[in-house]
Amino acid sequence: MKIDRLIGILSILLQEEKTTAPELAERFEVSRRTINRDIEDLCKAGIPIRTAQGTGGGISIMDGYRMDRTILTSKDMQMILAGLRSLDSVSGSRYYEQLMEKIQTGSSEFISGRDSILIDLSSWHRDTLSPKIGLIQDAIELKKTIRFQYYSPGGDTEREIEPYYLIFKWTSWYVYGYCLLRNDFRLFKLNRMDNISHVASFTGNREVPMPDLSNKKVFPAKDRVKAVFDSSMKWQLVEEYGVDSFTEMDDGSLLFEHEYADDEGLIAWMLSCRDKVTVLEPERIREKLYQITSEIAIRYEGDKK
């Protein structure tokens, strides 16, 4: 669409000191005549574009031009600043803080009211997480593979990947990339990565699918658990699974039924609930919990002797 192309041309002119009609024509897959008409339309819209012929010539925006920010509302600006502030909470540099300062400069009269949305993406691991995020961002921008030690339930492995996306989801940070060991796209949790380093340049010609981050894709259901929780655990069930995840029984206990992705995760959760839960199904989970708690009891009984 023409409007999309005009916005694209304006974006390029704002970011680059100078470009040419042939370059724009190739980039947007249109003729030079079409680009010339687009430049005329931008000039008519009040954008001070200048063109120069001959060697060293080209198309550029006059020095000192600033876009009219009235196309954004005060609420729009608040949302932009909230997003930048959230990224700054995990950044190891002052980049996003400086970017916010640029946006706010001369706009104090435009941004009205107090901040109403505060997003903090930092964690207990900020000191180690921020350098990882910065290093992976650089690798994505420079098209460099990264090598790292990865710790997972299946064991420790050394991986090398072509990184494409940094992702924040499920309260954690991940990198999505093409794993040279598995020859497939994979999602890696940053907190499980260690000794990250840039390795080699890659072409970036690979067709990269958008990562499917749906729970059903990343955590496919393995089985269904049926358990009875003490009434004191209602808040946790509501927080984790919602008010419709259980049925309140006559005695006040809570009958919980839900799909789950892996046995180990379910067992760890049930053990964290101590004596406030009784698993009814599946039987193998009951047996595993009995085995684990029996071994724990033996260990602590031995310490008393």
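Nothing in this text is a laboratory measurement; each read-out follows from the coordinates by a stated rule. These numbers come from a predicted model, not from an experiment. Positions of Cβ are backbone-derived with ideal geometry, glycine not excepted, and every protein chain shown enters the neighbour counts.
Placing a pseudo-label 7 Å from each Cα along the Cα-to-Cβ vector at Arg192 and Ser152 gives an inter-label distance of 0.6 nm.
What's the center-to-center distance, using Cα atoms, between the range 228-243 and the range 159-186 in Å? Distance between centres, Cα-based: 33 Å.
With the convex hull constructed from alpha-carbon coordinates only, the range 2-61 shows a mean projected area of 3.7 nm² over all directions. The mean sequence separation of alpha-carbon pairs under 8 Å and at least six residues apart, normalised by the residue count of the range 223-304, gives a relative contact order of 37 percent. Estimated at 0.36 nm per residue, the fully extended path between Lys143 and Glu29 surpasses their Cα-Cα distance by 38.5 nm.
Each of Ile47, Leu13, Phe28 was scored by the projection of its Cα onto the charge dipole of the range 2-61, and the greatest displacement toward the positive side belongs to Ile47; charges sit on the C-beta of Lys, Arg, Asp and Glu. Inter-label distance, Val243 to Tyr165: 3.3 nm, where each label sits 7 Å from its Cα along the C-beta direction. Exposure proxy for Arg206, Arg85: other Cβ atoms within 10 Å of each Cβ, ordered fewest to most, give Arg206, Arg85. Extending 7 Å from the Cα toward the beta-carbon at both Lys226 and Glu281 defines two label points whose distance is 0.3 nm.
Between Ile80 and Leu255, the FRET efficiency estimated from the beta carbon spacing at R0 = 41 angstrom works out to 0.35.
Of the residues Lys217, Lys143, the one with the fewest other Cβ atoms within 10 Å heads the list, and the complete ranking is Lys217, Lys143. Let me test this: with uniform point scatterers at the alpha carbons of the range 223-304, what is the Debye-based log₁₀ I(q)/I(0) at q = 0.19, 0.20, 0.27 1/Å? Here log10 of I(q) over I(0) equals -0.84, -0.91, -1.41.
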